[in-house]
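Engineer: Here it is, the structure in full.
None of the figures in this text is laboratory data; all of them are computed from the coordinates on show. Values in this document were obtained by computation on a predicted structure and should not be read as measured data. Note that each Cβ is placed from the backbone with ideal geometry, even for glycine, and that neighbours are counted across all protein chains shown.
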Amino acid sequence: MAPNFRLYLITDRKLAALHGGLAKTCAAALRGAREAGFAGQVGIQLREKDLPAREMLELALELHRVCAELNARLLINDRLDVALASGADGVHLPADSFSVAQARALVGAQRLIGVSTHRVEEVGAAAQAGADFAVFGPIFAPLSKGEYASPVGVEALCAACRSGAIPVYALGGITPQRVAALAGSGAAGVGVVGAIMGAASPEEAVVAMLRALGRWASA
């Protein structure tokens with residue numbers, strides 16, 4: 001399988017609390033995309049690592065209904081059990097998670113498997129292992145998270161995109177203004193957290209990002 005989205009929206013329920021909760025924030029972003037002519041171009045990763053299993057599943061089910069209504073793929077970070085139980089479209093594997101082969105054996109061939117990568121060689125390894133796409137970064141200093149090392153930069157992104165035969169999404173500090181710097185890198189799109197989850201208007205933020213990606217693609 002291949003991801004059909006250009007914008008990979010990664011959740012942060014603490015930021016989303018400003019807008020009435022995670023489901024409402026994601027729905028607002030997806031509606032904004034649809035109304036601006038970008039239906040189907042946003043994928044969502046549910047990434048709430050500190051939630052216990054039952055709460056995670058309840059949130060996944062809620063988001064699955066939103067994504068089904070608004071034409072978006074839903075992936076679950078790390079929790080294969082929650083992905084299967086919720087009917088999500090796939091799983092996203094952190095660096096310290098299951099192997100791609102283990103995940104594939106459980107979720108099957110019809111669900112997406114994304115992998116987090118931080119070094120160029122990891123993208124090639126993910127492709128060889130059978131992942132459907134990779135997220136690579138941080139390209140710039142992250143807007144909402146600080147657990148990673150120094151930004152790897154656009155040159156490393158270009159090398160990562162050349163290193164494997166799977167789509168690569170740029171992550172880390174991505175804003176509409178910075179999207180132009182990624183043109184020509186070979187990236188399939190971008191992953192974002194704070195630029196949309198922490199925006200005053202998620203609807204306007206997601207449209208601004210998708211329009212920036214559209215200018216990049218047509219440049």
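Engineer: Run the quick spin-label model on Gln128 and Ala39: label points 7 Å from Cα toward the beta carbon, then report their separation in nm to one decimal.
Structural biologist: Roughly 4.2 nm, to one decimal.
Engineer: Decide, for region 1-154, between rounded, prolate and oblate: order the square roots of the alpha carbon gyration tensor eigenvalues as a ≥ b ≥ c, take rounded if a/c falls under 1.5, and otherwise choose prolate if a/b is larger than b/c, else oblate.
Structural biologist: It is rounded, given that a/c, with a ≥ b ≥ c, falls under 1.5.
Engineer: By how many nm would the segment from Asp96 to Leu84 grow when fully extended, if each residue of separation counts as 0.36 nm and the alpha-carbon distance is taken off?
Structural biologist: Difference between extended and current length: 2.3 nm.
Engineer: Would you mind computing, in nm to one decimal, how far apart the modelled labels at Arg65 and Leu18 are, each placed 7 Å from Cα along Cα→Cβ?
Structural biologist: The two pseudo-label positions are separated by 2.7 nm.
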